[in-house]
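Chemist: I have a structure I would like to understand better, so I am pasting it below and will then ask my questions one at a time.
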Amino acid sequence: MKTTVISLLSLLIFFSSCKEKAKETKPETTVEVSEEVETPKITIQKLEGSPVYAESALRMKTPSTEKMEANENGIDFSFEVENYELGKQTESNVANDLANSGKGQHIHFIVDNGPYSAHYEPTFNKELSEGTHFLVAFLSRSYHESVKNPNAFVAKKIIVGEASANEVDVDFNKPTLIYSRPKGEYSGKDTENLLLDFYLLNTTLSEGGNYVKATINGNEFTLTEWVPYVVKGLPKGEVTIKLELLDKDGNSIPGDFNTVERTVTLTE
């Protein structure tokens, strides 16, 4: 009996020592905790500090008629500019924070609400396809902010050759939204602050009235003032911007230019 008890105690001691040894040799498990990368918040704020240019004016001298012959050499355009110097750098600290043209102040020339072309001289030639076109031109500061006074823009319908069979629904005598910025590709420091700018015809914006809804990478913003804005916190890569001119009830205001969507690219 005594021998049996001793044997049992020996077995218990043996298994206990094996268990402790196994615990000592068992490798530790390392759990890696990944840090969450916070996505920058996209924000919009009013741009302030630009010279007003309240006395500046822009007028189209040629073409002087609505209808003209198609020309394989393009159409010659000429403008008269008053109280505004094309090619001059806009004197403002704002120029240090935004993408700025080294060629200075210019005219934004927009055909059918497409991306603008910048012109630093009052005369230039543009190739236009045959058909009906809707042109908008306005004075622009060197950092591409439009001059928003009632004499600083031109809106004109022209017909090159034969009128288009299916003319777009645009009436420059009714509320119309014209997209301007942002445009194209931005890199380095220029990606930090993007100018959001548009032109309005025959309407005002207000709380409780017509407004512009800006949707940027899925983020919606309600714009109730016709002023330039700065967009911050945008990620690198493709950025989509959609602008809609809406009435006080959130309904689209008729006009084929009043909803527009663009894509710009931000790189390192």
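Chemist: Quick one: divide the alpha-carbon radius of gyration of the chain by 2.2 N^0.38 Å and tell me what you get.
Modeler: For the chain, the normalised Cα radius of gyration is 1.72.
Chemist: Where Rh is the Kirkwood radius over the Cα pairs of region 79-173, the temperature 37 °C and the viscosity 0.692 mPa s, what D in µm²/s does Stokes-Einstein return?
Modeler: Estimated via Stokes-Einstein, D reaches 225 µm²/s.
Chemist: Return the FRET efficiency for the residue pair Glu268, Gln45: r is the Cβ-Cβ distance, R0 is 22 Å, and the value is rounded to the nearest 0.05.
Modeler: Once the sixth-power term is evaluated, E becomes 0.35.
Chemist: Quick one: Karplus J couplings for region 161-168, per residue in order, coefficients 6.51, -1.76, 1.60, θ = phi - 60°, nearest Hz, x for Gly and Pro?
Modeler: Taking θ as phi minus 60°, the curve returns x, 8, 5, 5, 5, 10, 6, 5 Hz for region 161-168.
Chemist: I'm a student and want to see the number: the projected area of the Cα convex hull of region 210-250, averaged over all directions, in nm².
Modeler: Its Cα hull, projected and averaged over all orientations, spans 3.1 nm².
Chemist: Considering only Asn166, Phe134, Phe198, whose Cα is most displaced toward the positive end of the charge dipole of the chain, charges sitting on Cβ of Lys, Arg (+1) and Asp, Glu (-1)?
Modeler: Phe198
Chemist: Something else about it: Among the listed pairs Lys103/Lys148; Lys103/Lys232; Lys46/Lys148; Lys156/Lys248; Lys213/Lys242; Lys213/Lys248, which have their C-alpha atoms separated by more than 18 angstrom in this model?
Modeler: Lys103/Lys148; Lys103/Lys232; Lys156/Lys248
Chemist: Straight distance only, please: which aspartates and glutamates reach the Cα of Lys126 with their own Cα at less than 12 Å, same-chain residues fewer than 8 apart left out?
Modeler: Answer for Lys126, where 12 Å is the Cα cut-off: Glu72, Asp76, listed by chain and number.
Chemist: Output the Cα-based Rg and Dmax of region 105-230 in Å, rounding Rg to one decimal and Dmax to a whole number.
Modeler: When restricted to Cα atoms, region 105-230 yields Rg and Dmax of 15.7, 47 Å.
Chemist: Taking the chain as a Gaussian network, Cα atoms linked when under 10 Å apart, which of Asn71, Asn217, Asn100 shows the biggest mean-square fluctuation?
Modeler: Asn71
Chemist: For the chain, what % of the accessible area comes from carbon and sulfur atoms, probe 1.4 Å?
Modeler: 48
Chemist: Hey, what's region 25-176 come to in accessible area per residue, 1.4 Å probe, Å²?
Modeler: Spelled out: the 1.4 Å probe surface of region 25-176, per residue, equals 60 Å².
Chemist: About its Cα centre, what dipole magnitude does the chain give when the only charges are +1 on Lys and Arg Cβ and -1 on Asp and Glu Cβ, stated in debye to the nearest 20?
Modeler: The dipole magnitude comes to about 1160 debye.
Chemist: If you don't mind, another one. Taking Cα atoms, how many degrees apart are the long axis of helix 2-25 and the longest axis of the chain, rounded to 10 and kept between 0 and 90?
Modeler: With both axes taken from Cα atoms, the answer is about 20 degrees.
Chemist: For Tyr186, what residues show an amide H to amide H distance below 5 Å, using hydrogens built from the backbone and excluding near sequence neighbours?
Modeler: When sequence neighbours closer than 5 places are left aside, the close amide H contacts are Thr265, Leu266, Thr267.
Chemist: Any idea of the accessible area per residue across region 185-268, 1.4 Å probe, to the nearest Å²?
Modeler: Ligands and nucleic acids excluded, the result is 46 Å² per residue.
Chemist: What are the principal axis extents of the Cα atoms in region 159-268, in Å, biggest first?
Modeler: Computed over region 159-268, the largest-to-smallest principal extents equal 45, 41, 20 Å.
Chemist: Averaged over every viewing direction, what's the projected area of the C-alpha convex hull for region 74-122? Give it in nm², one decimal, please.
Modeler: 4.5
Chemist: Counting other Cβ atoms within 10 Å, which chymotrypsin sites (Phe, Trp or Tyr not before Pro) in region 122-222 have at most 14 and lie in a DSSP loop?
Modeler: none
Chemist: As an exercise, find the ratio Rg/Rh for region 174-229 from alpha-carbon atoms, using the Kirkwood inverse-distance average for Rh.
Modeler: Taking Rg over the Kirkwood Rh, I get 1.01.
The values are calculated or read from the model by the stated rules, or taken from the named source; none is laboratory data. Please read all numbers here as calculations on a predicted model, not as lab measurements. Neighbour counts are summed over all protein chains in view; Cβ atoms, including those assigned to glycine, are modelled from backbone coordinates with ideal geometry. These accessible areas exclude ligands, DNA and RNA; they are computed on the full protein's heavy atoms, side chains included. Shrake-Rupley method; radii C 1.70, N 1.55, O 1.52, S 1.80 Å.
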